[in-house]
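Engineer: Before I ask anything, here is the structure I am working with.
The values are calculated or read from the model by the stated rules, or taken from the named source; none is laboratory data. These numbers come from a predicted model, not from an experiment. Positions of Cβ are backbone-derived with ideal geometry, glycine not excepted, and every protein chain shown enters the neighbour counts. When the accessible area is computed, the model is the full protein with side chains, heavy atoms only, and any ligands, DNA or RNA have been set aside. Shrake-Rupley method; radii C 1.70, N 1.55, O 1.52, S 1.80 Å.
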Amino acid sequence: MEAPWLNEKDFDKAYTLAKQEQIKYTDTVNALFALGIYLLSDTTLENLIPGCHLTFGKKMSRKNAPAVTPDLFAQRDNQYGVLGEAKPNANIEENQLSSYCEDLEGWFTHDKRIPFHDVVFLAPVEFADSAKRTITEKFNLPKEVVVISYITADFQIVLRKECGKFYLPDYFPKNPVVGVPLEILKKHNYNNFPLFYDGDPIPPYTMSILWDHVFTLLAQREEHDPHLGCKILNVEANELTKHLQTYFAPRSIVPQKEKQHIRDIPKKTWIKDALDEFLKIGRAIQDKSDKDRYQILYTAIRGEKGDNFKFFVRKCWEVRNGKVTKGQIKQARIPKVDKKAAEGQGQQGFWPQ
């Protein structure tokens, strides 16, 4: 299903919807990581409990049923852990939550099981009441599910326990509200804010991250060619995916030998979606012989007052709604680019025939 913001006929309305999607996504990323840190750290939130395990999108096996991959996996010790699912909207699946309540295999113990675990559902504060009513009044779940709402305010992620009880009384003992400073998230994530979780972002979100955090750095190594009017950046989808997984996914604290069981975040398909959007808006050219290789036509973005996310929302929206023609996009790529002039830019033979 196509994103609603793309179908809006007025750009201001389209951008408002896209910006809301961006905020919901980043809040959800931060809420998952913040809850994991809260569950597995001391009271200062500075130090993680020795021997704990934290990861996101871990595959858990079920008996005679397909495996599941909760958004949050937080194992405190060999006796207790928490599985969590987050939705930036009100879409709650009963079967999904019910499967998390089962005696799943995949914990870091000798038999891959654990005696006690809780299940948490995280929802943005505006959907908290709806989620609470749905889970407590409409669903018939094998065990009680804890509902936690989240919002970003005053440079922290505010988590509020809306209903349910944890097996351990240590969590939300007196006050149902906990604030986790954003700087704590950054500290626990190798001094980078986590930017992805196991949910699809809209392409302009990934595009802006690639442009701001990857392409801008790559461009520093290249000389601006006045004939081309840009810098040519040779990139490959798998390499970009690995880079974002290394530096901008939430940190996983798991044994090295178990990392192959962790779902890759972000997914390569998200990176390919972003690269294909660059192609559509005239900021990239795809290699005809290797569809994972692209040339990014890099120039500084001066529009939208430095807001690259808004810039890419506008360009994607214009293409989708026929505000620019294919000829205009082709012309806008780079004036007078030709094969001969481009051959000296980076990898030889990469320019499409």
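Engineer: Only one residue in 43, 16 is open to solvent by 20 Å² or more (accessible area, probe 1.4 Å) and under 30 Å from residue 323 (Cβ atoms). Which one? So that I can check it myself, show each step before the final result.
Structural biologist: Working: 43 fails: under 30 Å from residue 323 (Cβ atoms).
Criteria check complete, one pass: 16.
Engineer: What are the pairs, 6+ residues apart or on separate chains, where a residue within segment 43-63 that is within 26 Å of residue 98 (Cβ to Cβ) and small (Gly, Ala, Ser) has its Cβ under 6 Å from a residue that is open to solvent by 50 Å² or more (accessible area, probe 1.4 Å) and assigned to a strand (DSSP E or B)?
Structural biologist: Close Cβ pairs satisfying both conditions: 61/67; 61/105.
Engineer: Quick one: in segment 85-111, which of the residues that are touching a residue at least 60 places away in the same chain (Cβ under 8 Å) and under 16 Å from residue 62 (Cα atoms) is least open to solvent (accessible area, probe 1.4 Å)?
Structural biologist: Ranking the candidates gives 106 first.
Engineer: May I ask you to list the residues in segment 197-228 that are of a type in the set (A, V, I, L, M) and surrounded by fewer than 18 Cβ atoms within 10 Å (Cβ to Cβ)?
Structural biologist: The first filter runs over segment 197-228 and keeps only residues of a type in the set (A, V, I, L, M), leaving 202, 207, 209-210, 214, 217-219, 228.
217, 218 - these are the residues of segment 197-228 that are of a type in the set (A, V, I, L, M) and surrounded by fewer than 18 Cβ atoms within 10 Å (Cβ to Cβ).
Engineer: Shifting gears a bit: Are any residues in segment 148-196 open to solvent by less than 30 Å² (accessible area, probe 1.4 Å), part of a loop (DSSP other than H, G, I, E, B), over 30 Å from residue 316 (Cα atoms) and touching a Pro at 6+ places or on another chain (Cβ under 9 Å), and if so, which ones?
Structural biologist: 189
Engineer: Restricting to segment 246-270, name every residue that is outside any loop (DSSP other than H, G, I, E, B), surrounded by 14 or more Cβ atoms within 10 Å (Cβ to Cβ) and at pLDDT 90 or above.
Structural biologist: 268, 270 - these are the residues of segment 246-270 that are outside any loop (DSSP other than H, G, I, E, B), surrounded by 14 or more Cβ atoms within 10 Å (Cβ to Cβ) and at pLDDT 90 or above.
Engineer: Yes or no: residue 71 acidic (Asp, Glu), surrounded by 15 or more Cβ atoms within 10 Å (Cβ to Cβ), closer than 23 Å to residue 157 by Cα and in contact (Cβ under 8 Å) with a residue 60 or more places away in the chain?
Structural biologist: On the way: acidic (Asp, Glu): yes; surrounded by 15 or more Cβ atoms within 10 Å (Cβ to Cβ): yes; closer than 23 Å to residue 157 by Cα: yes; in contact (Cβ under 8 Å) with a residue 60 or more places away in the chain: yes.
Here the answer is yes, as residue 71 does meet what is asked.
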